[in-house]
Amino acid sequence: MASAEDMTKRWNHKIHYHSVVLEAIPANARSALDVGTGDGLLATDLRRVLDDVVAIDSDAAALARARSRDDRVRWIAGDVQEYRFARTFDVVASIATLHHLPDLACALRRFAELTAPGGVMVVVGLARSSGAADVAVDAAGVLAHRWLSSRRGYWEHSAPTVWPPPQTYAEVRECAMQVLPGVRWKRLAMFRYALVWHRPLDR
């Protein structure tokens, strides 16, 4: 199991935005699902604050590395769209995974389906720039990347990558607004966006 000290020394864009997920956890949350866990760092962070954490990834090599980090997480090799969880989660989180999935709308619906009533879904994703506003944020992101990398170093993850992302920021935002009524959208520096959606309580 990797030590907490080893984990805190690592920094990259994905790790930088773990805080977006952690800060969105509801006060009464007990369980979480990390979709596309990759090297398992988000799942490990979630396990520090929640007792019941499940993490899924379709890449066997990445998952093997993730399993060595924390044996208290339930690690699953599989496709989130097809795996039968037979349950829901208070937190459904995903960082830099959504653009790997073949159908954006279907993936968002699946994430929402796995979110428990009263729970939260948090996605930090990548998309393509398509306008002047995106270019301006990208420029700020380059500066932030250089400054943070110089202070912390940059740890290169070993999970598979997809570049360029298939959707633009505008396309992701429009799709999310249609699929997830009430979703909150935020464009982030360092080439990311965030979606935060609270599933209403069943009536």
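The values are calculated or read from the model by the stated rules, or taken from the named source; none is laboratory data. Not measured: the values here are computed from a predicted model. Note that we place each Cβ from the backbone using ideal geometry, even for glycine, and neighbour counts take in every protein chain shown. Note: areas computed on protein heavy atoms with side chains; ligands, DNA, RNA excluded. Shrake-Rupley method; radii C 1.70, N 1.55, O 1.52, S 1.80 Å.
Here is how the numbers come out for the structure above:
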{"quantity": "Count - residues of the stretch 176-186 that are among the hydrophobic types (A, V, I, L, M, F, W, C), under 18 Å from Ile95 (Cβ atoms) and open to solvent by 20 Å² or more (accessible area, probe 1.4 Å)", "calculated": "1"}
{"quantity": "Among the candidates Ala66, Ala32, residue that is modelled with pLDDT of 95 or more, in contact with a Phe, Trp or Tyr (Cβ under 8 Å, 6 or more places away or on another chain) and either crowded, with 22+ Cβ neighbours inside 10 Å or over 17 Å from Val122 (Cα atoms) (or both)", "calculated": "Ala32"}
{"quantity": "Condition check for Glu113: modelled with pLDDT of 95 or more, over 25 Å from Val53 (Cβ atoms), outside any strand (DSSP E or B) and of a type outside the set (A, V, I, L, M, F, W, C)", "calculated": "no"}
{"quantity": "Test: Tyr17 is under 28 Å from Arg173 (Cβ atoms), open to solvent by 60 Å² or more (accessible area, probe 1.4 Å), of a type in the set (Phe, Trp, Tyr) and in contact with a strand residue (DSSP E or B) (Cβ under 8 Å, 6 or more places away or on another chain)", "calculated": "no"}
{"quantity": "Cross-chain or 6+ apart pairs with Cβ under 8 Å, the stretch 187-200 first and within 23 Å of Asp90 (Cβ to Cβ), then open to solvent by less than 20 Å² (accessible area, probe 1.4 Å) and polar (S, T, N, Q)", "calculated": "Trp197/Thr115; Arg199/Thr115"}
{"quantity": "Contacts under 6 angstrom Cβ, first residue in the stretch 117-130 being under 18 Å from Leu50 (Cβ atoms), partner assigned to a strand (DSSP E or B) and aromatic (Phe, Trp, Tyr), 6 or more apart", "calculated": "Met121/Trp197"}
{"quantity": "Ile56 vs. criteria surrounded by fewer than 20 Cβ atoms within 10 Å (Cβ to Cβ) and at pLDDT 95 or above", "calculated": "no"}
{"quantity": "Residues satisfying the stated conditions in the stretch 100-112, i.e. of a type in the set (D, E, K, R) and open to solvent by 60 Å² or more (accessible area, probe 1.4 Å)", "calculated": "Asp103, Arg109"}
{"quantity": "Subset tally (residues that are in a loop (DSSP other than H, G, I, E, B) and in contact (Cβ under 8 Å) with a residue 60 or more places away in the chain) for the stretch 41-69", "calculated": "3"}
{"quantity": "Residues of the stretch 88-99 classified as among the β-branched types (Val, Ile, Thr), buried (at least 21 other Cβ atoms within 10 Å of the Cβ) and without any contact (Cβ under 8 Å) to a residue 60 or more places away in the chain, total", "calculated": "0"}
{"quantity": "Some residue of the stretch 70-87 being at pLDDT below 95, in a helix (DSSP H, G or I) and open to solvent by less than 20 Å² (accessible area, probe 1.4 Å)", "calculated": "no"}
{"quantity": "First in the stretch 162-183 and in contact (Cβ under 8 Å) with a residue 40 or more places away in the chain and more than 30 Å from Gly118 (Cβ to Cβ), second anywhere and in a loop (DSSP other than H, G, I, E, B) and open to solvent by 70 Å² or more (accessible area, probe 1.4 Å), Cβ under 8 Å, 6 or more apart", "calculated": "Thr168/Ser130; Ala170/Ser130"}
